[in-house]
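Chemist: Before anything else, here's the structure in question.
The values are calculated or read from the model by the stated rules, or taken from the named source; none is laboratory data. On a predicted model such as this, the values are computed, not experimentally measured, just so you know. Positions of Cβ are generated from backbone atoms using ideal geometry, with glycine treated the same way; all protein chains shown enter the neighbour counts. Each accessible area value is taken on the protein alone, full model and side chains, heavy atoms only, with ligands, DNA and RNA left out. Shrake-Rupley method; radii C 1.70, N 1.55, O 1.52, S 1.80 Å.
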Amino acid sequence: MTTTGLVWANLRRNKKRTILTMLSVMVAFFLFGVLRSVITTLDAATEVGSEGRLISSSASGITFLLPEAHANRLAAVDGVSSVSWANWFGAYYRDPNDFFAQFAIKADTYIPMYPEIVITAGSMDDFMRERNAAIVGVGLLRKFGWQVGQKVTLTGTFAAGDWDFNIRAAYDPPDPAFGDELMFFHYEYFWEGTNRQVTPGWFVMTLEEPDRAAEVASTIDAMFKSSVAPTKTQTEKAFNAGFVTMWGNIGFLVSAIGTAVFFAILFVSANTMMMAVRERIGEIAVLKTVGFGDRLIFGLVLAESMLISVLGGALGLFLARGAFAGRNALNAFFPGFGVTGGTIALGLAMALALGVVSGAVPAFQSARLSVASALRQVG
Amino acid sequence: MSSTESATMSASAPAAKGRVLVQIRDLAKNYRRGAETVHVFEGVNLDIHEGEYLALMGPSGSGKSTLLNILAGLDKPDRGKVVVDGKDVTAMNSRQLAAWRSTHIGFIFQFYNLLPVLTAAQNVELPLLLTNLGKKQRREHVMHALDVVGLSDRTEHFPKQLSGGQQQRVGIARAIVSDPTIILGDEPTGDLDSVSGDEILTLLERLNREFKKTILLVTHDAHAAERAQAIMRMDKGVLSR
């Protein structure tokens, strides 16, 4: 036996309590892993998008449409090399809760702007030829069991009714953060399907010189400032970051929940260690009697607490990593969602800190225990 | 005879005396109970010679366990000095005391105080974890100690699988495994039936006779005390023969 063996033996003393405590730590760190990953995924999402593409949306907000006529004026702006536009569609396939994003795009100009849309099945020509054709991400094919060539019917929400699409191509983005559960289809189909009521949701522009993005954006906004549809123009990256902020201060919310969970589990863990130490005061007194010093006793109790926290924490974190590895349920909302190595490392550090903090008081009390009075209590 | 008035008290007959192993001089201990100061003992003097087997009797609260704890370095006196094998125990800090206890003191408790999560062998091994002995050497020491107490066939049993007498024998094996300078017993038969108690007393006698261990036994039991070479009595903080 070694002193490490003594720590393990003490953990086995009350197996039910040790397992329950470890499970509560595990659940807390599973939650931490998931919540932290929401933040890291949102942070990654703000990085998605090109600095070389500009987005012009309505100055009143993304839900307000812009006149198609803006396109010609945008194309004439000095520094703009090409213009396209897109709309949010917002339909669903069978289950309204099974969310995925669809975009109506001005395909002939939009697709060339996006090298991220790498066709891996079907063909772009087939897509371009057909009015109600669609390009879908490989993730969507897997999610719904679709195949290229298949006809699918989506149910519209604000553009009510059933909408039939023929899947003519599938894409697989090189950067997972772009998302592989998106669907693109022709703006013209959307426009006709809404009795020509719809107009572009936002314009996308490529620039001749990306360094001039700020200057060009200012020029565009100034140009439409007095029009019936003033614009807000920014780089695509900033536009995407704006989308993320539409979730509200989710970072703060998630951090607040994470902190609350951490402290709750800290109290649970500390209480468990206090109980564990209290019920073996006599044994600690015996260890001291046979020559175990204060520091060693402190270390033994602290090691016990740290083992519970780190083992429980590691279990929770790796469970979260396993549960959200590869394709997962949150990909539709958070493209590329997964528990990163950084989150695991941070979680393990927090688990270690939890072990130290929750074990410090009982370890200190054990180290300071008066053997004579402890033996009197036991006797 | 009051301990404050006494000359240094020696426990055994002059002919049997070895060198003085333990010297207790002018020892005083008080407790605070609220505003009141409780005098446990005052001016206690005692010499214990190497190889002696001494019993210390007295009613509850007489201070005998407190004296034992101070001798073991588990409690601090308010005044006086305890020298064991040439070392002033009362001058040591807690770190020094812990290290000193691991090699000089073998303590036998009334309620055995074995760790329930450890086997008999692991309980006996505890003091050796603080030494530089390797695993194999530790095992040899443990097996020898368990053999001395007659439990070499119970090494892998947990305390709850042993009778009270067997548990106390494991406790004794733990007390002797590091070959301490002195063995201190605090009512080691107090929780045992007469047969088991008798076995323990026989074992202590054997440790003293065969292995020349110096033993100080605190007990209420006159029958247990009679098995020692000499009996000291403590009553209301006064030590007498």
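Chemist: Please pick out the residue among A:Ala45, A:Ala59, A:Ala86, A:Ala91 that is modelled with pLDDT of 85 or more and out of contact with any Ser or Thr (no Cβ under 8 Å at 6 or more places or on another chain).
Modeler: Within the list A:Ala45, A:Ala59, A:Ala86, A:Ala91, the selection yields A:Ala86.
Residue-by-condition table, conditions (1) among the polar types (S, T, N, Q); (2) under 26 Å from the mean Cα position of the chain (by Cα):
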{"position": "A:Ala69", "(1), (2)": "no, no"}
{"position": "A:Ser84", "(1), (2)": "yes, no"}
{"position": "A:Gln102", "(1), (2)": "yes, yes"}
{"position": "A:Lys106", "(1), (2)": "no, no"}
{"position": "A:Tyr110", "(1), (2)": "no, no"}
{"position": "A:Ile119", "(1), (2)": "no, yes"}
{"position": "A:Val136", "(1), (2)": "no, yes"}
{"position": "A:Gly139", "(1), (2)": "no, yes"}
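Chemist: Can you tell me which residues in region A:344-375 are touching a residue at least 60 places away in the same chain (Cβ under 8 Å) and either in contact with a strand residue (DSSP E or B) (Cβ under 7 Å, 6 or more places away or on another chain) or not in a helix (DSSP H, G or I) (or both)?
Modeler: A:Arg368, A:Leu369
Chemist: Right, next: For region B:92-122, which residues satisfy the criterion of being touching a strand residue (DSSP E or B) at 6+ places or on another chain (Cβ under 8 Å) and surrounded by fewer than 23 Cβ atoms within 10 Å (Cβ to Cβ)?
Modeler: B:Trp100, B:His104, B:Gln110
Chemist: Next question, about the same structure. Based on what the data block shows, is A:Arg196 buried (at least 18 other Cβ atoms within 10 Å of the Cβ) and among the charged types (D, E, K, R)?
Modeler: No.
Chemist: Can you tell me which condition A:Ile117 does not meet? The list is (1) open to solvent by 50 Å² or more (accessible area, probe 1.4 Å); (2) farther than 20 Å from A:Thr63 by Cα; (3) of a type outside the set (Gly, Ala, Ser), and all the others hold.
Modeler: Condition not satisfied by A:Ile117: (1).
Chemist: Surrounded by 16 or more Cβ atoms within 10 Å (Cβ to Cβ) and of a type outside the set (Gly, Ala, Ser): does that describe A:Thr157?
Modeler: Criteria not met by A:Thr157.
Chemist: Touching a Gly at 6+ places or on another chain (Cβ under 7 Å), crowded, with 21+ Cβ neighbours inside 10 Å and not in a loop (DSSP other than H, G, I, E, B): does that describe B:Leu201?
Modeler: no
Chemist: Still on this structure: Go through the residues of region B:136-152 one by one and say whether even a single one is open to solvent by 20 Å² or more (accessible area, probe 1.4 Å), under 27 Å from A:Arg368 (Cβ atoms), modelled with pLDDT under 95 and more than 8 Å from chain A (Cβ to nearest Cβ).
Modeler: no
Chemist: Continuing with this model, one more query. So A:Ile19 clears everything in (1) β-branched (Val, Ile, Thr); (2) within 14 Å of chain B (Cβ to nearest Cβ); (3) surrounded by fewer than 16 Cβ atoms within 10 Å (Cβ to Cβ) except one condition, right? Which one?
Modeler: Of (1) β-branched (Val, Ile, Thr); (2) within 14 Å of chain B (Cβ to nearest Cβ); (3) surrounded by fewer than 16 Cβ atoms within 10 Å (Cβ to Cβ), only one is false for A:Ile19: (2).
Chemist: Moving on. Tell me whether region A:323-343 contains one or more residues that are within 14 Å of chain B (Cβ to nearest Cβ), buried (at least 18 other Cβ atoms within 10 Å of the Cβ) and in a loop (DSSP other than H, G, I, E, B).
Modeler: For region A:323-343, residues within 14 Å of chain B (Cβ to nearest Cβ), buried (at least 18 other Cβ atoms within 10 Å of the Cβ) and in a loop (DSSP other than H, G, I, E, B): absent.
Chemist: Just wondering, is there one or more residues in region A:165-182 that are acidic (Asp, Glu) and more than 25 Å from the chain's Cα centre (by Cα)?
Modeler: No, region A:165-182 contains no residue that is acidic (Asp, Glu) and more than 25 Å from the chain's Cα centre (by Cα).
Chemist: Moving to a separate point now. Of these, A:Ala59, A:Ala104, which one is outside the structural domain of A:Met306 (by TED's automatic domain parsing), open to solvent by less than 20 Å² (accessible area, probe 1.4 Å) and of a type outside the set (Ser, Thr, Tyr)?
Modeler: Checking each option against the conditions leaves just A:Ala104.
Chemist: Please find, among A:Thr289, A:Thr235, the residue that is under 23 Å from the mean Cα position of the chain (by Cα), of a type in the set (Val, Ile, Thr) and open to solvent by less than 40 Å² (accessible area, probe 1.4 Å).
Modeler: A:Thr235
Chemist: Sticking with this structure for a sec: If I filter region B:50-70 for residues that are of a type in the set (Asp, Glu), more than 11 Å from chain A (Cβ to nearest Cβ) and farther than 26 Å from A:Phe292 by Cβ, do I get at least one hit?
Modeler: yes
Chemist: Evaluate region B:124-135: report whether one residue or more is buried (at least 19 other Cβ atoms within 10 Å of the Cβ), more than 17 Å from B:Ala72 (Cα to Cα) and more than 7 Å from chain A (Cβ to nearest Cβ).
Modeler: Within region B:124-135, one or more residues are buried (at least 19 other Cβ atoms within 10 Å of the Cβ), more than 17 Å from B:Ala72 (Cα to Cα) and more than 7 Å from chain A (Cβ to nearest Cβ).
Chemist: Could you say whether any residue in region B:179-196 is in contact with a Pro (Cβ under 9 Å, 6 or more places away or on another chain), of a type in the set (Gly, Ala, Ser) and modelled with pLDDT of 90 or more?
Modeler: Checked region B:179-196: no residue is in contact with a Pro (Cβ under 9 Å, 6 or more places away or on another chain), of a type in the set (Gly, Ala, Ser) and modelled with pLDDT of 90 or more.
Chemist: A follow-up question, please. Being in contact with a strand residue (DSSP E or B) (Cβ under 7 Å, 6 or more places away or on another chain), open to solvent by less than 30 Å² (accessible area, probe 1.4 Å) and modelled with pLDDT of 90 or more is the requirement here; does B:Gly165 meet it?
Modeler: No; evaluated as a whole, the condition is false for this residue.
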